Amino acid sequence: METSLVFFSQLNMCESKEKTFFKLIHGSGKEEASKEAKIRAKEKRNRLSLLVQKPEFHEETHSSRSGHLAKETRVSPEEAVIWGESFDKLLSHKDGLETFTRFLKTEFSEENIEFWIACEDFKKSKDPQQISLKAKAIYEKFIQNDAPQEVNLDFHTKEVITKSITQPTLHSFDAAQSRVYQLMEQDSYTRFLKSDIYLDLIEGRPQRPTNLRRRSRSFTCTEFQDVKSDVAIWL
């Protein structure tokens, strides 16, 4: 009798250990699968993000900053004065675009110009697959709620883009790009013309270190709802 009890006790212990082993293996498998899924999702997001990246506007190393300063010192006062004639002339000039981007970084609002640049690049796409991939990348980076560089758009404009993102066209972001352009032209551009960055250029002074500052208030597209959208403003 005692021998039987010992046997059954050992058998139960073996079963218990076996169940514990399978639980650990099963749980480990789930964790590994979960980790692999997260890694694949991250890699996919990185690949999409690369489609809308412009390296010349995202370099943050000391050497890249020195490179920007070297370029800016070669801008003549006469060239810089032309930038003050209109926002279009500023953006159409390579050095003007780079200088304006540097100014927006001091106000932590560079997402606006980066979105505009991404839209300009997107409209040059020809391959249907490229159009789809770039549209999704732009949407995830700048448009969707809690996007890493979400631009300030009204609800209607965002809703239209969200509904059309599954079958995008080259004009999917026209309305949003126009809104962001208007915000920059009527807000950031006017401050840029009064900034030390711009005034130093037109007066031929050496570029001084720029101080980063937070925006004093938030601007919404509804403030400019009376301004007509015109896709023809793009260069």
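Please treat every number below as a calculation from the coordinates, not as lab data. As the structure is a computational prediction, the values presented were derived from the model and not from experiment. All Cβ positions, even for glycine, are placed from backbone atoms using ideal geometry, and neighbour counts span all protein chains on display.
Given a Förster radius of 45 Å and the C-beta distance between THR162 and GLU203 as r, what FRET efficiency does 1/(1 + (r/R0)^6) yield to the nearest 0.05?
0.45
Please work out the FRET efficiency for the pair PHE108 and HIS171, using the Cβ-Cβ distance as r and a Förster radius of 41 Å; give the result to the nearest 0.05.
The formula returns an efficiency of 0.85 here.
Can you tell which of SER92, ILE131, PRO77 lies farthest toward the positive end of the dipole of the stretch 77-203, using +1 and -1 charges on the Cβ of basic and acidic side chains (Lys, Arg; Asp, Glu)?
Final value for the positive-end residue is ILE131.
State, in angstrom, two size descriptors of the stretch 120-200 derived from its alpha carbons: Rg to one decimal place and Dmax to the nearest whole number.
Just the Cα atoms of the stretch 120-200 yield Rg and Dmax of 14.9, 47 Å.
What distance in nm separates the simple spin-label points at ASN145 and GLU79, each placed 7 Å from Cα in the Cβ direction?
Label at ASN145, label at GLU79, 4.5 nm between them.
If I stretch the segment between ASP196 and ASP121 completely, what's the gain in nm (0.36 nm per residue apart, minus their alpha carbon distance), one decimal?
Once the chain is fully extended between ASP196 and ASP121, it gains 24.0 nm.
Which pairs break 26 Å Cα to Cα here: LYS124/LYS194; LYS94/LYS134; LYS94/LYS123; LYS94/LYS158?
Pairs exceeding the cut-off: LYS124/LYS194; LYS94/LYS158.
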